[in-house]
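Here is the structure we will look at.
The values are calculated or read from the model by the stated rules, or taken from the named source; none is laboratory data. Remember, predicted model here, so these are calculated numbers, not experimental data. For the accessible areas, the whole protein counts, side chains as well, though only heavy atoms, and no ligand, DNA or RNA atoms are used. Shrake-Rupley method; radii C 1.70, N 1.55, O 1.52, S 1.80 Å.
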Amino acid sequence: SSARMSQPLVALLLLLAINGALALRICSFNIRSFGETKRENQKVMDVIVKIIKRCDIILLMEIKDSANQICPTLMERLNGNSRATTYNCVISSRLGRKTYKEQYAFIYKEKLVTVKENYLYHDLQDGDTDVFSREPFVVWFQSPQTAVKDFVIVPLHTTPEASVKEIDELVDVYEYVKRRWKKAENFIFMGDFNADCNYVPKKAWSSIRLRTDSKFVWLIGDQEDTTVKTSTNCAYDRIVLRGQAIVNSVVPKSSSIFDFQKAYGLTEEEALEVSDHFPVEFKLQSSKVSTNRKRSSSSKKRTRARRT
């Protein structure tokens, strides 16, 4: 009889395993000074490609490449000649106040998600013009295979000294984009917020609306360490969600920091050649499982109704 009892358990474990596999992994990675030198370093590029391949959508920051070769180079490495999983890339213009420029890029698996719209936030508000040194390059993704069918990603790489103001201002970005794209309800704010240590001291959190408004849900906690150096311990990189549906469809315990140094057996020095940040990530549940769950709860309701 014990064997018979374990059958439903096996079915459940299988379902959970499938759900884990079908879940959409969304990552955010500041690749320090990602330009020509790094692009031509095969050893480093091998690691970057491996990191990207783990993710279904990955935000890359600190792209500094005036030749605009980062996307083409990565596409060639990721897609090769294969007909299989095809990655695509959407990249912002070069952003920055003076001569120093960076780009945001999203690399995503085309079979799983598509870009519905994108929009470079116009940083022109009364009273506080030009808050962001790199305005968020906002992308609205369609995701037919997840429980939430679409979501907007708002990326941000803050200027360290201005982080408190920039993180706070993401609330204005949210309100503006919501007015612009009326049907958008699920939002992901992510990137290198420099949200810790000297740049965002504990006492500053009370003036950051993205934190004080509890409708914004923070997935990476203040105690985490997203830096590669053993000598630093800072939760610089963050993921914040807004929208009941997306919050409810996060795979439990899926938000984490990917320690590629440990995963790929690198020395600290080798890891720092790739970046001084680890990627952060989380997963969204696939629609297949959530429909099962809905069905079972509604059938329970029916039996309860019958009993009364």
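With a ≥ b ≥ c taken as the square roots of the eigenvalues of the C-alpha gyration tensor of segment 22-302, please select rounded if a/c is under 1.5 and otherwise prolate if a/b is larger than b/c or oblate if it is not?
rounded
When the accessible area of segment 22-302 is split by element with a 1.4 Å probe, what percent falls to carbon and sulfur?
The nonpolar share, carbon plus sulfur, comes to 49 percent.
Could you list which residues have their amide H under 5 Å from that of L120, counting only those 5 or more apart in sequence or on another chain, with H placed in the peptide plane?
Those qualifying (amide H under 5 Å, at least 5 residues apart or on another chain) are V138.
What Kirkwood hydrodynamic radius do you get for segment 172-253 when you take the inverse of the mean 1/r over all pairs of distinct Cα atoms, in Å?
14.1
Tell me the per residue accessible area of segment 22-302 using a 1.4 Å probe; a whole number in Å² is fine. Let's see the in-between values first.
On the way: 12960 Å² over 281 residues.
In whole numbers, segment 22-302 has 46 Å² accessible per residue.
Give me the extension gain from L272 to K165: residue separation times 0.36 nm, minus the current Cα-Cα distance, reported in nm with one decimal.
35.7 nm
For segment 151-167 and segment 197-250, what is the centre-to-centre distance using only Cα atoms, to the nearest Å?
11
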